[in-house]
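The values are calculated or read from the model by the stated rules, or taken from the named source; none is laboratory data. Nothing here was measured: the structure is a model prediction, and the numbers come from that model. Cβ placement follows ideal geometry from the backbone for every residue including glycine, while neighbour counts extend to all protein chains displayed.
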Amino acid sequence: MTVTDTTSAAIVGGPGLPQERRVVTEIPGPQSRRLLERKAQAVAKGVGHSIPVATVAAGGGVLVDADGNSFIDLGSGIAVTGVGNSAPRVVEAVQRQVAQFTHTCFTISPYDSYVEVAEALNRLTPGDFEKRSALFNSGAEAVENAIKIARHYTKKQGVVVFDHAYHGRTNLTMALTAKSMPYKSGFGPFAPEVYRVPMSYPYRDGLTGAEAAERAISQIEVQVRADNLAAILIEPIQGEGGFVVPAEGFLPALQKWANDNGVVFIADEVQTGFARTGTMFASEQFGIVPDLVTTAKGIAGGLPLSAVTGRAEIMDSSHAGGLGGTYGGNPIACAAALATIETYEQDGLVERAAEIGTLLTGRLNAMRAGDPRIGDVRGRGAMMAMELVDPATGRPDAALTSRVLAAAIAQGVVLLTCGTYGNVIRFLPPLAISDELLNEGLDIVWKALTDAE
Ligand code: PLZ
């Protein structure tokens, strides 16, 4: 199959696509190369790409390119298509909504689906207290608004974030993000009143959760003090920073300190949210109940939508008109979100993510036992990773990571990396993937690793 017209309405994705890996050309094939040449001429160089293929369809656990290659998808477009690409309920809901009305601006004239998404978020996020939600477009925009809300509520300005954190690419969220290259380098000056303290990173710091929390809190008390601090912002499991899972007790200790000191505790669940880690939200697994939660990615089956959800008294503190945006909570994105949430709940995808976690944990630990270059295996549910190192020194091995990535892509697997040191291979399959495809994808990754000297 060679698909020459990549805009053809005849191309149908979704779970009906043959669920198979199929490599019929070199990667990238001729059609993909043509698109990449046009991209270089038309699209700003700063907008990169990691898989060099022209996508024409995707669904279930595969992604098909314009040359007819079918890739096993182990990335979900960075943890977005948890329900799978073009999931049937999402397609149906979007088609219905797009024919009904496409936009009003919710802050001009409200509509039902926005309110229903807010109700669903208030019900699903951790905490039994009364909640409110506000909808936005991207993860970064949700994080920015969570900080705005925390500052307005506390009448304080400082924000504490952590080593290895990733929160976005806008000006404030660049300041909140730790890693300079590629996210921040040359793009400053950055927003003020952001303080960075050490994360709990058990594989590299060897500290218990209590010790790591004490280290972080003592620095907070020296660098900024609670009376200047509006919020502590943290990813329960760090995403771009390397799927760093904090030691047990770290997050509850931080939350307790925040609660005791009039500081808003914000969990950034943009990457960990919506069934991904084997619970609806990762916070549940660490025994924390954040004051505010930011969500995006997995919320709407691929349509752009994000949210801040949390305690009513905090969320309601800002004046009417203080929060908004032209597109936030767009009706098509809201329709997609309602269909996506229904899919997680009706199709048992929280349980499915936990099952995928058992499979991934077993396979990755077996690989680790057979290869000392796999220094650490960590994560939860369908958000697992392995950290590649020089076995002699424990130093991060980014070059090996790049070789494994390239070999896996050439063999028809969409694979993602991450990590402050660029040495982490992460697994974020759609929850709609079959065990068979997932195992085949892992076989390819293992072969890529053992072939890479
Ligand atoms: N918070 C925890 O993971 C987005 C970034 C991809 P946006 N992570 C993927 C890239 O290279 O730009 C992310 C996240 C966490 C916030 C964000 C930001 O979400 O929707 O990309 O703005």
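Residue under question is GLU240, and the condition is that it be assigned by TED's automatic domain parsing to the domain that holds GLN157, away from the ligand (no atom under 16 Å from the Cβ) and of a type in the set (D, E, K, R); does it hold?
Details: assigned by TED's automatic domain parsing to the domain that holds GLN157: yes; away from the ligand (no atom under 16 Å from the Cβ): no; of a type in the set (D, E, K, R): yes.
Criteria not met by GLU240.
Hey, can you tell me all the residues within segment 167-195 that are away from the ligand (no atom under 14 Å from the Cβ) and in a loop (DSSP other than H, G, I, E, B)?
Taking segment 167-195 as the starting set, the residues that turn out to be away from the ligand (no atom under 14 Å from the Cβ) are 186, 188-195.
Those that are away from the ligand (no atom under 14 Å from the Cβ) and in a loop (DSSP other than H, G, I, E, B): GLY186, GLY188, PRO189, PHE190, ALA191, PRO192, GLU193.
Between THR7, THR104, THR25, which is out of contact with any strand residue (DSSP E or B) (no Cβ under 8 Å at 6 or more places or on another chain) and modelled with pLDDT under 95?
Details: THR104 fails: modelled with pLDDT under 95; THR25 fails: modelled with pLDDT under 95.
Within the list THR7, THR104, THR25, the selection yields THR7.
Given the criteria more than 25 Å from PHE286 (Cβ to Cβ), surrounded by fewer than 19 Cβ atoms within 10 Å (Cβ to Cβ), in the same structural domain as LEU338 (by TED's automatic domain parsing) and at pLDDT 95 or above, does LYS148 qualify? Reasoning before the result, please.
Numbers: more than 25 Å from PHE286 (Cβ to Cβ): yes; surrounded by fewer than 19 Cβ atoms within 10 Å (Cβ to Cβ): yes; in the same structural domain as LEU338 (by TED's automatic domain parsing): yes; at pLDDT 95 or above: yes.
Criteria met by LYS148.
Could we say that ALA230 is surrounded by 16 or more Cβ atoms within 10 Å (Cβ to Cβ), at pLDDT 95 or above and farther than 25 Å from TYR421 by Cα here?
Values: surrounded by 16 or more Cβ atoms within 10 Å (Cβ to Cβ): yes; at pLDDT 95 or above: yes; farther than 25 Å from TYR421 by Cα: yes.
Judged against the criteria, ALA230 is a match.
Which residue pairs have Cβ atoms closer than 7 Å, lie 6 or more positions apart in sequence or on different chains, and pair a first residue in segment 175-189 that is within 12 Å of VAL161 (Cα to Cα) with a second residue that is among the hydrophobic types (A, V, I, L, M, F, W, C) and loosely packed, with under 15 Cβ neighbours inside 10 Å?
ALA175/PHE190
Does GLU211 meet the test of being away from the ligand (no atom under 16 Å from the Cβ), among the charged types (D, E, K, R) and within 26 Å of GLY310 (Cα to Cα)? Working first, answer last.
Details: away from the ligand (no atom under 16 Å from the Cβ): yes; among the charged types (D, E, K, R): yes; within 26 Å of GLY310 (Cα to Cα): no.
Spelling it out, it is not the case that GLU211 is away from the ligand (no atom under 16 Å from the Cβ), among the charged types (D, E, K, R) and within 26 Å of GLY310 (Cα to Cα).
Which of (1) within 12 Å of the ligand (Cβ to nearest atom); (2) closer than 28 Å to THR104 by Cα; (3) not in a helix (DSSP H, G or I) does GLN271 not meet, given it meets every other one?
Result: GLN271 fails condition (2) only.
Give GLY375, GLY441, GLY379 a once-over and let me know the one that is in contact (Cβ under 8 Å) with a residue 60 or more places away in the chain, in contact with a Phe, Trp or Tyr (Cβ under 8 Å, 6 or more places away or on another chain), in the same structural domain as GLY29 (by TED's automatic domain parsing) and closer than 30 Å to PRO88 by Cβ. Outline the logic, then answer.
On the way: GLY375 fails: closer than 30 Å to PRO88 by Cβ; GLY441 fails: in contact with a Phe, Trp or Tyr (Cβ under 8 Å, 6 or more places away or on another chain).
The match here is GLY379.
Residue under question is LEU233, and the condition is that it be within 15 Å of the ligand (Cβ to nearest atom), more than 28 Å from GLN346 (Cα to Cα), under 26 Å from the mean Cα position of the chain (by Cα) and assigned to a helix (DSSP H, G or I); does it hold? Before the answer, list the steps.
On the way: within 15 Å of the ligand (Cβ to nearest atom): yes; more than 28 Å from GLN346 (Cα to Cα): yes; under 26 Å from the mean Cα position of the chain (by Cα): yes; assigned to a helix (DSSP H, G or I): no.
For LEU233, the condition - within 15 Å of the ligand (Cβ to nearest atom), more than 28 Å from GLN346 (Cα to Cα), under 26 Å from the mean Cα position of the chain (by Cα) and assigned to a helix (DSSP H, G or I) - is not met.
Can you tell me which of (1) crowded, with 22+ Cβ neighbours inside 10 Å; (2) part of a loop (DSSP other than H, G, I, E, B) is the one LYS156 doesn't meet?
Result: LYS156 passes all but (1).
Does segment 99-114 contain any residue that is assigned by TED's automatic domain parsing to the domain that holds VAL404 and over 27 Å from ALA382 (Cα atoms)? Break it down into steps so the answer makes sense when it comes.
First, pick out the residues of segment 99-114 that are assigned by TED's automatic domain parsing to the domain that holds VAL404: none.
Checked segment 99-114: no residue is assigned by TED's automatic domain parsing to the domain that holds VAL404 and over 27 Å from ALA382 (Cα atoms).
Out of all the residues in segment 103-111, is one or more under 26 Å from the mean Cα position of the chain (by Cα) and small (Gly, Ala, Ser)?
no
Within segment 445-452, identify whether any single residue is surrounded by fewer than 23 Cβ atoms within 10 Å (Cβ to Cβ) and under 18 Å from SER50 (Cα atoms), and answer yes or no. Write out each step before concluding.
Within segment 445-452, the first condition is being surrounded by fewer than 23 Cβ atoms within 10 Å (Cβ to Cβ), and the residues that meet it are 446-452.
Retained after the next criterion (residues that are under 18 Å from SER50 (Cα atoms)): 448.
Within segment 445-452, one or more residues are surrounded by fewer than 23 Cβ atoms within 10 Å (Cβ to Cβ) and under 18 Å from SER50 (Cα atoms).
Would you confirm whether or not segment 55-65 contains a residue that is within 21 Å of the chain's Cα centre (by Cα) and acidic (Asp, Glu)?
The initial filter retains those residues of segment 55-65 that are within 21 Å of the chain's Cα centre (by Cα), namely 55, 58-63.
Narrowing the set further to residues that are acidic (Asp, Glu) leaves none.
Among the residues of segment 55-65, not one is within 21 Å of the chain's Cα centre (by Cα) and acidic (Asp, Glu), which makes the answer no.
Does THR326 satisfy being away from the ligand (no atom under 16 Å from the Cβ), touching a Cys at 6+ places or on another chain (Cβ under 9 Å), at pLDDT 95 or above and assigned by TED's automatic domain parsing to the domain that holds VAL244? Break it down stepwise before answering.
Numbers: away from the ligand (no atom under 16 Å from the Cβ): yes; touching a Cys at 6+ places or on another chain (Cβ under 9 Å): yes; at pLDDT 95 or above: yes; assigned by TED's automatic domain parsing to the domain that holds VAL244: yes.
Yes; evaluated as a whole, the condition is true for this residue.
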